[in-house]
Amino acid sequence: MVSVDDYGDFETAWCPGCGNHSILKAVKKALASMGLEPHESIFVSGIGQAAKSPHYLKANVFNGLHGRALPAATGIKLANPRANVIVQSGDGCNYGEGGNHFLAAIRRNIGLTLLAHDNQIYGLTKGQASPTTTQGHATKAQPGGNPSAPFNPVAVAVTMQANFVARGFSGMIDHLADLIVQAINHPGFSLIDIMQPCVTFNKVNTFAWYKERCYEPQGHDPEDWEQAIRLANQWGDRIPVGVIYRGTRPAFEQTLPHPTNDLLYKNRPARDVLKEIMNVYS
Ligand SMILES: Cc1ncc(C[n+]2csc(CCOP(=O)(O)OP(=O)(O)O)c2C)c(N)n1
Ligand code: SF4
(Lines give C-alpha, C1' and ligand atoms only; values in the text may rest on other atoms or scores of the structure.)
(Ligands and ions follow the chains in the order given, each with its own letter.)
Protein backbone atom coordinates (compact mmCIF):
# COMPACT_ATOMS: atom_id res chain seq x y z
CA MET A 1 0.00 0.00 0.00
CA VAL A 2 1.28 3.49 -0.87
CA SER A 3 1.33 6.07 1.93
CA VAL A 4 2.12 9.80 2.09
CA ASP A 5 5.40 8.87 3.86
CA ASP A 6 6.60 7.24 0.63
CA TYR A 7 6.75 10.76 -0.85
CA GLY A 8 9.29 11.88 1.75
CA ASP A 9 9.40 14.72 4.24
CA PHE A 10 11.93 17.41 3.42
CA GLU A 11 12.96 20.72 4.94
CA THR A 12 11.63 23.56 2.78
CA ALA A 13 12.82 27.12 2.12
CA TRP A 14 9.27 28.52 2.36
CA CYS A 15 8.06 31.03 4.96
CA PRO A 16 5.96 29.60 7.82
CA GLY A 17 2.30 30.10 6.87
CA CYS A 18 2.92 30.03 3.10
CA GLY A 19 0.15 28.26 1.18
CA ASN A 20 2.73 26.09 -0.60
CA HIS A 21 3.05 23.86 2.49
CA SER A 22 -0.62 22.82 2.34
CA ILE A 23 -0.58 22.32 -1.42
CA LEU A 24 2.38 19.97 -1.00
CA LYS A 25 0.41 18.02 1.61
CA ALA A 26 -2.62 17.80 -0.70
CA VAL A 27 -0.44 16.53 -3.57
CA LYS A 28 1.07 13.76 -1.42
CA LYS A 29 -2.36 12.83 -0.11
CA ALA A 30 -3.86 12.64 -3.60
CA LEU A 31 -1.06 10.49 -5.04
CA ALA A 32 -1.02 8.12 -2.06
CA SER A 33 -4.82 7.73 -2.17
CA MET A 34 -4.55 6.74 -5.85
CA GLY A 35 -1.98 4.07 -4.99
CA LEU A 36 0.55 5.73 -7.28
CA GLU A 37 4.15 4.85 -6.40
CA PRO A 38 6.62 7.79 -6.44
CA HIS A 39 8.33 6.49 -9.60
CA GLU A 40 5.03 6.58 -11.55
CA SER A 41 4.77 10.39 -11.55
CA ILE A 42 6.89 13.07 -13.19
CA PHE A 43 6.70 16.59 -11.80
CA VAL A 44 7.68 19.45 -14.06
CA SER A 45 8.10 23.00 -12.84
CA GLY A 46 9.55 26.34 -13.84
CA ILE A 47 11.02 28.99 -11.54
CA GLY A 48 9.49 30.53 -8.42
CA GLN A 49 8.48 29.59 -4.87
CA ALA A 50 5.70 27.31 -6.16
CA ALA A 51 8.09 25.77 -8.66
CA LYS A 52 10.23 24.51 -5.76
CA SER A 53 7.39 22.19 -4.68
CA PRO A 54 8.66 19.13 -6.61
CA HIS A 55 12.06 19.54 -4.90
CA TYR A 56 10.32 18.50 -1.70
CA LEU A 57 8.79 15.32 -3.08
CA LYS A 58 10.26 11.90 -3.69
CA ALA A 59 9.31 11.52 -7.37
CA ASN A 60 10.77 12.16 -10.83
CA VAL A 61 11.36 15.88 -11.36
CA PHE A 62 12.29 18.14 -14.26
CA ASN A 63 12.94 21.74 -13.25
CA GLY A 64 12.96 23.96 -16.33
CA LEU A 65 13.10 27.65 -17.20
CA HIS A 66 10.66 30.25 -15.93
CA GLY A 67 7.34 29.77 -17.75
CA ARG A 68 8.58 26.82 -19.78
CA ALA A 69 7.31 23.88 -17.73
CA LEU A 70 4.40 23.06 -20.05
CA PRO A 71 6.43 22.48 -23.24
CA ALA A 72 8.87 20.25 -21.34
CA ALA A 73 5.95 18.35 -19.82
CA THR A 74 4.39 17.95 -23.28
CA GLY A 75 7.57 16.29 -24.56
CA ILE A 76 7.70 14.01 -21.51
CA LYS A 77 4.06 12.96 -21.93
CA LEU A 78 4.54 12.19 -25.62
CA ALA A 79 7.67 10.15 -24.91
CA ASN A 80 5.89 8.22 -22.17
CA PRO A 81 2.09 8.48 -22.39
CA ARG A 82 1.73 6.08 -19.45
CA ALA A 83 3.43 8.49 -17.05
CA ASN A 84 1.43 10.66 -14.70
CA VAL A 85 2.78 14.11 -15.62
CA ILE A 86 2.06 16.99 -13.23
CA VAL A 87 3.11 20.59 -13.81
CA GLN A 88 3.47 22.71 -10.69
CA SER A 89 4.30 26.40 -10.83
CA GLY A 90 3.07 29.85 -9.84
CA ASP A 91 0.66 32.30 -11.45
CA GLY A 92 3.57 34.31 -12.86
CA CYS A 93 5.24 31.24 -14.31
CA ASN A 94 2.08 29.78 -15.88
CA TYR A 95 0.11 32.83 -16.93
CA GLY A 96 2.85 35.47 -17.37
CA GLU A 97 6.13 34.11 -18.73
CA GLY A 98 4.38 30.88 -19.81
CA GLY A 99 1.09 32.40 -20.96
CA ASN A 100 1.35 31.26 -24.55
CA HIS A 101 2.29 27.73 -23.47
CA PHE A 102 -0.81 27.70 -21.25
CA LEU A 103 -3.02 28.49 -24.27
CA ALA A 104 -1.23 25.94 -26.48
CA ALA A 105 -1.58 23.15 -23.88
CA ILE A 106 -5.33 23.79 -23.59
CA ARG A 107 -5.70 23.88 -27.37
CA ARG A 108 -3.77 20.61 -27.81
CA ASN A 109 -5.51 18.99 -24.86
CA ILE A 110 -2.39 17.14 -23.89
CA GLY A 111 -2.81 14.74 -20.93
CA LEU A 112 -1.19 16.82 -18.19
CA THR A 113 -2.37 18.10 -14.83
CA LEU A 114 -1.43 21.71 -14.19
CA LEU A 115 -1.40 22.79 -10.54
CA ALA A 116 -1.13 26.57 -10.69
CA HIS A 117 -0.25 28.00 -7.26
CA ASP A 118 -2.01 31.33 -7.56
CA ASN A 119 -0.85 33.77 -4.85
CA GLN A 120 -1.59 36.79 -7.07
CA ILE A 121 2.00 38.03 -6.72
CA TYR A 122 5.58 37.23 -7.72
CA GLY A 123 6.76 35.60 -4.49
CA LEU A 124 10.33 34.57 -5.33
CA THR A 125 11.32 37.96 -6.73
CA LYS A 126 9.84 39.74 -3.72
CA GLY A 127 6.39 41.01 -4.49
CA GLN A 128 5.94 42.51 -7.96
CA ALA A 129 2.47 42.32 -9.56
CA SER A 130 1.71 39.10 -11.43
CA PRO A 131 -0.90 38.60 -14.18
CA THR A 132 -3.54 37.75 -11.54
CA THR A 133 -2.83 40.70 -9.21
CA THR A 134 -5.92 42.82 -8.61
CA GLN A 135 -6.02 46.15 -10.45
CA GLY A 136 -5.02 48.94 -8.06
CA HIS A 137 -3.17 46.62 -5.63
CA ALA A 138 -0.07 48.55 -4.49
CA THR A 139 3.11 46.45 -4.60
CA LYS A 140 6.80 47.26 -4.14
CA ALA A 141 7.28 47.68 -7.89
CA GLN A 142 3.88 49.33 -8.46
CA PRO A 143 3.59 51.67 -5.42
CA GLY A 144 0.82 53.68 -7.09
CA GLY A 145 -1.22 50.50 -7.63
CA ASN A 146 -1.08 47.83 -10.31
CA PRO A 147 -2.45 49.54 -13.45
CA SER A 148 -3.42 46.37 -15.32
CA ALA A 149 -6.65 44.36 -15.23
CA PRO A 150 -6.16 40.84 -13.87
CA PHE A 151 -6.08 37.69 -16.00
CA ASN A 152 -8.76 35.13 -15.07
CA PRO A 153 -7.17 31.72 -15.83
CA VAL A 154 -10.30 29.74 -14.96
CA ALA A 155 -12.50 31.83 -17.29
CA VAL A 156 -9.92 31.55 -20.10
CA ALA A 157 -9.65 27.78 -19.64
CA VAL A 158 -13.44 27.30 -19.63
CA THR A 159 -13.85 29.59 -22.65
CA MET A 160 -11.31 27.46 -24.53
CA GLN A 161 -13.06 24.28 -23.36
CA ALA A 162 -10.08 22.88 -21.51
CA ASN A 163 -11.03 19.32 -20.56
CA PHE A 164 -10.98 19.80 -16.79
CA VAL A 165 -11.05 23.14 -15.01
CA ALA A 166 -11.18 23.58 -11.25
CA ARG A 167 -10.41 26.15 -8.61
CA GLY A 168 -8.99 25.08 -5.26
CA PHE A 169 -7.87 26.73 -2.06
CA SER A 170 -4.75 25.78 -0.11
CA GLY A 171 -6.77 26.16 3.11
CA MET A 172 -8.98 23.19 2.13
CA ILE A 173 -6.44 20.34 1.95
CA ASP A 174 -8.87 17.38 1.66
CA HIS A 175 -11.00 19.19 -0.92
CA LEU A 176 -7.88 20.06 -2.91
CA ALA A 177 -6.55 16.48 -2.72
CA ASP A 178 -9.87 15.26 -4.12
CA LEU A 179 -9.68 17.80 -6.98
CA ILE A 180 -6.15 16.60 -7.78
CA VAL A 181 -7.35 12.97 -7.97
CA GLN A 182 -10.20 13.98 -10.30
CA ALA A 183 -7.86 16.06 -12.48
CA ILE A 184 -5.34 13.21 -12.84
CA ASN A 185 -8.09 10.73 -13.67
CA HIS A 186 -9.63 12.95 -16.36
CA PRO A 187 -8.10 12.53 -19.84
CA GLY A 188 -6.58 15.52 -21.62
CA PHE A 189 -5.41 18.81 -20.13
CA SER A 190 -6.50 19.58 -16.56
CA LEU A 191 -6.09 22.87 -14.74
CA ILE A 192 -6.50 23.45 -11.02
CA ASP A 193 -5.98 27.10 -10.21
CA ILE A 194 -5.15 27.05 -6.49
CA MET A 195 -5.70 30.17 -4.41
CA GLN A 196 -2.75 30.41 -2.08
CA PRO A 197 -1.63 33.14 0.36
CA CYS A 198 1.86 34.61 0.17
CA VAL A 199 2.15 35.77 3.78
CA THR A 200 5.25 37.86 3.12
CA PHE A 201 4.49 39.87 -0.03
CA ASN A 202 0.72 39.84 -0.54
CA LYS A 203 -0.95 41.61 2.36
CA VAL A 204 -4.24 41.98 0.46
CA ASN A 205 -5.17 38.43 -0.59
CA THR A 206 -4.48 36.80 2.76
CA PHE A 207 -5.60 33.41 4.09
CA ALA A 208 -8.59 35.14 5.76
CA TRP A 209 -9.41 37.01 2.52
CA TYR A 210 -9.66 33.75 0.54
CA LYS A 211 -11.41 31.84 3.34
CA GLU A 212 -14.12 34.50 3.72
CA ARG A 213 -14.91 34.36 0.02
CA CYS A 214 -14.53 30.78 -1.16
CA TYR A 215 -17.62 28.61 -1.24
CA GLU A 216 -18.67 25.30 -2.81
CA PRO A 217 -21.57 25.91 -5.24
CA GLN A 218 -24.50 23.54 -4.81
CA GLY A 219 -26.13 21.83 -7.79
CA HIS A 220 -23.55 23.00 -10.32
CA ASP A 221 -23.29 20.76 -13.41
CA PRO A 222 -19.65 20.95 -14.63
CA GLU A 223 -20.75 19.51 -17.98
CA ASP A 224 -22.92 22.58 -18.62
CA TRP A 225 -20.53 24.97 -20.34
CA GLU A 226 -22.72 28.08 -19.98
CA GLN A 227 -23.14 27.52 -16.24
CA ALA A 228 -19.38 26.96 -16.05
CA ILE A 229 -18.65 30.26 -17.79
CA ARG A 230 -20.84 32.10 -15.29
CA LEU A 231 -19.09 30.45 -12.31
CA ALA A 232 -15.62 30.95 -13.82
CA ASN A 233 -16.28 34.68 -14.00
CA GLN A 234 -17.40 34.95 -10.40
CA TRP A 235 -14.59 36.63 -8.50
CA GLY A 236 -15.00 39.19 -5.74
CA ASP A 237 -17.03 38.86 -2.56
CA ARG A 238 -17.74 35.22 -3.43
CA ILE A 239 -15.36 32.85 -5.20
CA PRO A 240 -16.56 29.35 -6.18
CA VAL A 241 -14.24 26.41 -5.53
CA GLY A 242 -14.51 22.89 -6.95
CA VAL A 243 -14.84 21.50 -10.46
CA ILE A 244 -16.03 24.30 -12.72
CA TYR A 245 -15.97 22.57 -16.11
CA ARG A 246 -15.49 19.05 -17.43
CA GLY A 247 -15.22 18.37 -21.17
CA THR A 248 -15.00 15.30 -23.35
CA ARG A 249 -12.44 16.21 -26.05
CA PRO A 250 -10.05 13.31 -26.78
CA ALA A 251 -6.55 13.79 -25.38
CA PHE A 252 -3.86 14.87 -27.86
CA GLU A 253 -1.76 11.74 -27.29
CA GLN A 254 -4.80 9.55 -28.12
CA THR A 255 -5.42 11.22 -31.47
CA LEU A 256 -1.92 10.95 -32.97
CA PRO A 257 -1.74 8.77 -36.08
CA HIS A 258 1.24 6.73 -34.80
CA PRO A 259 0.99 4.47 -31.76
CA THR A 260 1.86 6.35 -28.60
CA ASN A 261 0.50 4.05 -25.95
CA ASP A 262 3.98 2.67 -25.46
CA LEU A 263 7.32 4.31 -24.75
CA LEU A 264 8.53 6.44 -27.68
CA TYR A 265 11.94 4.75 -27.86
CA LYS A 266 10.18 1.44 -28.47
CA ASN A 267 8.36 2.87 -31.50
CA ARG A 268 11.47 2.90 -33.70
CA PRO A 269 10.83 2.52 -37.43
CA ALA A 270 12.21 -0.59 -39.12
CA ARG A 271 15.81 -0.04 -40.26
CA ASP A 272 15.04 -0.68 -43.95
CA VAL A 273 12.24 1.93 -43.88
CA LEU A 274 14.63 4.40 -42.26
CA LYS A 275 17.27 3.61 -44.92
CA GLU A 276 14.75 4.26 -47.69
CA ILE A 277 13.90 7.67 -46.20
CA MET A 278 17.60 8.54 -45.81
CA ASN A 279 18.22 7.59 -49.44
CA VAL A 280 15.59 10.08 -50.61
CA TYR A 281 17.47 12.92 -48.91
CA SER A 282 21.06 11.78 -49.55
C1 LIG B 1 12.27 34.62 -18.31
C2 LIG B 1 12.40 35.06 -16.88
N3 LIG B 1 11.82 36.22 -16.50
C4 LIG B 1 11.89 36.61 -15.21
C5 LIG B 1 12.57 35.86 -14.29
C6 LIG B 1 12.67 36.34 -12.86
N7 LIG B 1 11.74 35.62 -11.99
C8 LIG B 1 12.13 34.55 -11.27
S9 LIG B 1 10.90 33.95 -10.28
C10 LIG B 1 9.83 35.16 -10.84
C11 LIG B 1 8.43 35.29 -10.31
C12 LIG B 1 7.82 34.02 -9.83
O13 LIG B 1 6.48 34.25 -9.55
P14 LIG B 1 5.40 33.13 -9.66
O15 LIG B 1 5.59 32.34 -10.90
O16 LIG B 1 4.06 33.73 -9.48
O17 LIG B 1 5.77 32.14 -8.48
P18 LIG B 1 5.84 32.37 -6.88
O19 LIG B 1 7.27 32.72 -6.59
O20 LIG B 1 4.88 33.45 -6.52
O21 LIG B 1 5.43 31.04 -6.36
C22 LIG B 1 10.44 36.00 -11.77
C23 LIG B 1 9.78 37.15 -12.43
C24 LIG B 1 13.17 34.67 -14.71
N25 LIG B 1 13.80 33.86 -13.86
N26 LIG B 1 13.08 34.28 -16.01
S1 SF4 C 1 7.66 34.75 -0.06
FE2 SF4 C 1 5.49 34.21 -0.24
S3 SF4 C 1 5.39 32.58 -1.77
FE4 SF4 C 1 7.53 32.76 -1.05
S5 SF4 C 1 7.70 31.25 0.58
FE6 SF4 C 1 7.23 33.22 1.53
S7 SF4 C 1 5.00 33.22 1.70
FE8 SF4 C 1 5.52 31.61 0.24
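The values are calculated or read from the model by the stated rules, or taken from the named source; none is laboratory data. Since we're looking at a predicted model, the values are computed, not measured. All Cβ positions, glycine included, derive from the backbone under ideal geometry; neighbour counts span all protein chains shown. Ligands, DNA and RNA are excluded from the accessible area calculation, which covers all protein heavy atoms including side chains. Shrake-Rupley method; radii C 1.70, N 1.55, O 1.52, S 1.80 Å.
With θ taken as phi - 60° and the Karplus curve 6.51 cos²θ - 1.76 cosθ + 1.60 applied, the whole-hertz 3J(HN,Hα) list for region 269-277 is x, 4, 4, 5, 5, 4, 4, 4, 5 Hz, x standing for glycine and proline.
A simple count of charges around V44, restricted to other residues whose Cβ falls under 10 Å of its Cβ and scoring Lys, Arg +1 and Asp, Glu -1, yields +2.
Rounded to the nearest 20 debye, the dipole size of region 90-216 about its Cα centre is 300 debye, using +1 on the Cβ of Lys and Arg and -1 on the Cβ of Asp and Glu. Which of W14, W225, W235 moves most in a GNM of the chain, Cα contacts under 10 Å? Ranking W14, W225, W235 by mean-square fluctuation puts W235 first. Extension gain for D9 to T125 (0.36 nm times residue separation, less C-alpha to C-alpha distance): 39.2 nm.
Under 5 Å from the amide H of N163 lie the amide H atoms of F189, each residue being 5 or more positions distant or on a separate chain, with H modelled from the backbone and absent for Pro and chain starts. Average accessible surface for the chain: 47 Å² per residue, computed with a 1.4 Å probe over protein heavy atoms with every protein chain in place.
With the simple model of a label 7 Å out from the Cα in the direction of the Cβ, I229 to N267 spans 3.5 nm. Listed by chain and number, the lysines whose C-alpha is less than 27 Å from the C-alpha of K25, apart from same-chain residues fewer than 8 away, are K52, K58, K77, K126, K203, K211. Judged by the mean number of other Cβ atoms found within 10 Å, the most tightly packed of the peptides 53-63, 22-32 leads the ranking 22-32, 53-63.
Dividing the Cα radius of gyration of the chain by 2.2 N^0.38 Å, with N the residue count, gives 1.04.
Once the Cβ-Cβ distance of R107 and H39 is raised to the sixth power relative to R0 = 30 Å, the FRET efficiency obtained is 0.45. FRET efficiency for the pair R238 and D174, taken as 1/(1 + (r/R0)^6) with r the Cβ-Cβ distance and R0 = 30 Å, rounds to 0.90. A simple charge model with +1 on the Cβ of Lys and Arg, -1 on the Cβ of Asp and Glu and nothing else charged puts the dipole of the chain at about 600 debye relative to its Cα centre. Between V2 and A149, the distance separating the two model label sites (each 7 Å from Cα on the Cα→Cβ line) works out to 4.2 nm. The angle between the Cα long axis of helix 173-185 and the main principal axis of the chain comes to about 20°, on a 0 to 90 degree scale. Taking 0.36 nm per residue of sequence separation and removing the Cα-Cα distance, the T206/L78 pair yields an extension gain of 42.2 nm. Between amide H atoms placed 1.01 Å from N, distances below 5 Å from L114 occur with V87, S190, L191, I192, all of them 5 or more places distant or on a separate chain.
Mean residue ellipticity at 222 nm from the helices of the chain, using -39,500 (n - 2.57) per DSSP H segment of n ≥ 4 over the full residue count, to the nearest 500 deg cm²/dmol? It comes out at -9000 deg cm²/dmol, rounded to the nearest 500.
Computed from backbone phi with θ = phi - 60° and the Karplus coefficients 6.51, -1.76 and 1.60, the 3J(HN,Hα) list for region 137-143 is 5, 7, 10, 4, 8, 10, x Hz; x is used for glycine and proline. When a 1.4 Å probe is rolled over the protein heavy atoms, the share of accessible surface on the chain that falls to carbon and sulfur comes to 54 percent.
Among 73-79, 1-7, 107-113, 273-279, sorting by the average number of other beta carbon atoms lying within 10 angstrom of each residue, highest first, gives 107-113, 73-79, 1-7, 273-279.
Our summary gives the chain a relative contact order of 18 percent, counting only alpha carbon pairs under 8 angstrom and 6 or more residues apart. Ranking H137, S282, N119 by Cα position along the charge dipole of the chain, where only Lys, Arg, Asp and Glu carry charges on their C-beta atoms, puts S282 farthest toward the positive end. Projecting the Cα atoms of S190, Y245, F201 onto the dipole axis of region 160-282, where Lys and Arg carry +1 and Asp and Glu carry -1 at the beta carbon, places F201 farthest toward the positive end.
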